[in-house]
Amino acid sequence: MMRFPLARNIIRRQKLSNTFGMVRQADTDRDGDLDPKPHQGWDFEATPGTPCFAVAAGVVESVVNRGDYGLQLVLKLDVPVAGAAFAFYAHLGSTAVAVGSRVALGQQVATTGRSGNAERLSSHEDHLHFEARTIAHPGFGLEGRITPFKWFDVCPLHEAVTG
């Protein structure tokens, strides 16, 4: 059984570019043409201090504060899916669990914040970056990540979903 990471879940600003996949654009070669760029998860609207919950039972794999993601948490989930499943939470303000801790479905694991590159955003861009992963610490791009839609069967792009 899975649940959403927040009590109220809606994609930030209801923009497709805040969902998973090749949904963003950048002028990577500076030729004036915009090229597709990956976004590795879903960005949920969330003011700093919003409680974040375990999407399934599992074990805290890592808690670190570095880079563009800022304060981040990885949970190794006890879910019956092919391969390993990891939930990734980023731009956090605080965590409520320690590495190695067992968590229950729906247990509060963190609060949202403005860490990493979210520090530079205006307040109407506050969000939780959430990823569904097949490995705990993938590299750049989409490798090691899947669309959270596979876990939740709905994308809250235009309508909020409660946790």
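The values are calculated or read from the model by the stated rules, or taken from the named source; none is laboratory data. These figures come from a predicted structure and were not determined experimentally. Don't worry about glycine lacking a Cβ; one is built from the backbone with ideal geometry, like all the others, and counts go over all protein chains shown. What goes into the accessible areas is simple: the full protein's heavy atoms, side chains included, and nothing from ligands, DNA or RNA. Shrake-Rupley method; radii C 1.70, N 1.55, O 1.52, S 1.80 Å.
Among residues of the range 103-120 that are without any contact (Cβ under 8 Å) to a residue 24 or more places away in the chain, none has a beta-carbon under 6 Å from a residue that is among the acidic types (Asp, Glu) and open to solvent by 10 Å² or more (accessible area, probe 1.4 Å) at least six positions away or on a different chain. Pairs linking a residue in the range 36-52 that is at negative phi to a residue that is open to solvent by 30 Å² or more (accessible area, probe 1.4 Å) and of a type in the set (Gly, Ala, Ser), with Cβ atoms under 6 Å and 6 or more positions apart or on different chains, are Pro48/Gly93. Inside the range 11-31, residues that are surrounded by fewer than 20 Cβ atoms within 10 Å (Cβ to Cβ), modelled with pLDDT of 90 or more and in contact with a His (Cβ under 9 Å, 6 or more places away or on another chain) make up a count of 3. Exactly one residue among Ala87, Ala118, Ala160, Ala96 is more than 14 Å from the chain's Cα centre (by Cα) and under 22 Å from Val63 (Cα atoms), and that residue is Ala96.
Here Ala7 passes the criteria (1) of a type in the set (A, V, I, L, M, F, W, C); (2) under 20 Å from Gly141 (Cα atoms); (3) modelled with pLDDT of 90 or more except the one numbered (2).
Taking strands (runs of 3 or more DSSP E) that fall entirely within the range 32-151, which contain at least 1 residues that are modelled with pLDDT of 95 or more and surrounded by 18 or more Cβ atoms within 10 Å (Cβ to Cβ)? Hits in the range 32-151: 42-45, 51-53, 58-66, 70-77, 86-95, 108-112, 127-133.
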